[in-house]
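Some notes on the structure that comes next.
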Amino acid sequence: MKSMTMTQKILAAHADLDFVEAGQLIEAKLDLVLGNDITTPVAITEFNKIGITDVFDKSKVVIVPDHFTPAKDIQAAIQCKCVREFALDKDIENYFEVGEMGIEHALIPEKGLVVPGDVVIGADSHTCTYGALGAFSTGIGSTDMAAGMATGKSWFKVPAAIKFNLINAPRKYVSGKDIILHIIGLIGVDGALYKSMEFVGDGVKNLSMDSRLTMANMAIEAGAKNGIFEVDEITVEYLKGRTNRDYIVYKADPDANYDEEITIDLSSVNPTVACPHSPDNTKDADELSNIKIDQVVIGSCTNGRLEDLRMAANILRGKKVAKGIRAIVFPGTQQIYLDAIEEGIITDLVKAGCVMSTPTCGPCLGGHMGILADGERAVTTTNRNFVGRMGHTDSEVYLASPAVAAASALTGYITNPEKL
């Protein structure tokens, strides 16, 4: 038997093949097909052209209206109406309306809808998030979503891989966001182009599931097809109570072929910030202490989880957001919101001067709930910072961890939380 990476083993199994190799074209069975309020209406139009009446599996199609919801304008309301009617008509089990929804890539792991060994496609580029659970998960276009909903299958070109060997443990204020920004700064936004970023090593055990989800989420910012973590006790513990599905854990063969192997010493990673206008334009937070800001955003599919809100509250508790700074916090799901309320996190954040929002992707893509004007700068825990991403084309976006974002909210300048 020839050797394979984690991703290649998952794809081979779903294509009913004993072996696949990089560059090979395969058709694989799907465990989940995902769409949101922006991408699904296009997919519905294409689905209707196919001429069938039902989706391939009512439990394996997930639709989460999260980008412009609650509807920001008439057009957004029409988009949401379209997906709502489709979900009801097709009796889709996993349709999450306002009030029960969350930001899709926070909600789906929370609901236990992805398990190790799955193949998942989603009409959203950050679908790669679920690689944190040991699944092959990748973003696709709306047409591919339509075909996936209809057939339960999709074509893939098997990716080559880069092995990231993580060693040691990160410092107190360093989380998955700092680590993935450090890696993207190291290899560039095309450094893993159409490759699998496979995270292994003794250091993985020192990363929480929230940090792993953040790192897998931003694999696409390095151009990767997917990011994936080895399944360990932390993964298994996370899945307990969330799913009763059986799953298969795939590990790379010891002699699997990687295009490159990179060792990351987690103990040496500093609080890291991606400066305008690219996720690979990274600097240590200390180097940016003279950068004055106008807005802080804590949330998104990258950093809206409980651990992220807890970190922000630990820094802001008993203090006040600097005068003139708008600090906006978006819990990733309703459950995260409730947990943060019960833990006192929301009280701490509001007392510090933050404003809370329902789960939404709004500010991340310059949609609503925090648009930037010309000349304004934001420190945000979101995942992209190209020109005009969060508003005016003359605004600037600095990507950072919740710790850096919270520390910066206190000072009004980009701040290393280790120096507070």
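The values are calculated or read from the model by the stated rules, or taken from the named source; none is laboratory data. Keep in mind it's a predicted model, so treat the numbers as computed, not measured. For neighbour counting, all protein chains shown are included, and Cβ atoms are generated from backbone atoms with ideal geometry for every residue, glycine included. Calculation scope for accessible area: heavy atoms of the full protein, side chains included, ligands and nucleic acids excluded. Shrake-Rupley method; radii C 1.70, N 1.55, O 1.52, S 1.80 Å.
In units of the compact-protein estimate 2.2 N^0.38 Å, region 232-280 shows a Cα radius of gyration of 1.82. Extension gain, D265 to T347: 0.36 nm times the residue separation minus the Cα-Cα distance gives 25.9 nm.
Rounded to two decimals, what ratio of Rg to Rh does region 20-142 give with C-alpha atoms and a Kirkwood Rh?
Values: Rg = 14.5 Å, Rh = 14.9 Å.
That ratio is 0.97, to two decimals.
How long are the semi-axes of the ellipsoid equivalent to the chain, from square roots of 5 times the Cα gyration tensor eigenvalues, in whole Å, largest first?
Working: eigenvalues 210, 139, 69 Å².
They are 32, 26, 19 Å, listed from largest to smallest.
Calculation over all alpha carbon pairs of region 83-239 in 5 angstrom steps from 0 returns a P(r) of 2, 9, 17, 22, 19, 14, 9, 5, 2, 1, 0 percent.
Could you state the orientation-averaged shadow area of the convex hull built on the Cα atoms of region 1-87, in nm² to one decimal?
On the way: hull surface 30.6 nm².
Hull-based average projected area comes out at 7.6 nm².
So, in Å, what gap is there between the alpha-carbon centers of region 372-401 and region 222-298? When both Cα centres are located, 21 Å separates them.
How large is Rg/Rh for region 118-203, to two decimals, with Cα atoms and a Kirkwood Rh? Mind dumping the intermediate values first?
Details: Rg = 15.1 Å, Rh = 14.7 Å.
Rg/Rh for region 118-203 comes to 1.03.
Would you mind computing Rg(Cα) / (2.2 N^0.38 Å) for region 307-420, counting N as its residues? List each step's numbers first, then the result.
On the way: Rg = 13.5 Å, N = 114, 2.2 N^0.38 = 13.3 Å.
Normalised Rg, Cα atoms only: 1.01.
Over all projection directions, the Cα-based convex hull of region 153-271 averages an area of 8.3 nm². Beta bridges assigned by DSSP with both partners in the chain are antiparallel in approximately 20 percent of cases.
Which whole-angstrom value gives the distance between the alpha carbon centres of region 30-71 and region 136-201? The distance from the Cα centre of region 30-71 to that of region 136-201 comes to 23 Å. For Y398, neighbours were defined as the other residues whose beta-carbon sits under 10 Å from its Cβ, and their charges (Lys and Arg +1, Asp and Glu -1) total +1. Calculate what fraction, in whole %, of the accessible area of region 56-177 sits on carbon and sulfur atoms when a 1.4 Å probe is rolled over the protein chains. Ligands and nucleic acids excluded, carbon and sulfur give 51 percent.
Leaving out ligands and nucleic acids, and using a 1.4 Å probe, what accessible area per residue does region 107-233 come to in Å²?
Working: 3240 Å² over 127 residues.
Each residue of region 107-233 exposes 25 Å² on average to a 1.4 Å probe.
The phi-based Karplus calculation (6.51 cos²θ - 1.76 cosθ + 1.60; θ = phi - 60°) puts the 3J(HN,Hα) values of region 413-420 at 10, 4, 9, 6, x, 5, 9, 5 Hz, whole numbers, x for Gly and Pro. Normalised by 2.2 N^0.38 Å, where N is the number of residues, the C-alpha radius of gyration of region 325-378 stands at 1.23. For the options G370, G131, G51, a Gaussian network treatment of the chain with springs between C-alpha atoms closer than 10 Å singles out G51 as fluctuating the most. Among the GluC sites (Glu not before Pro) found in region 5-83, those both in a DSSP coil and sparsely packed, with 15 or fewer other Cβ atoms within 10 Å of their Cβ, are E21.
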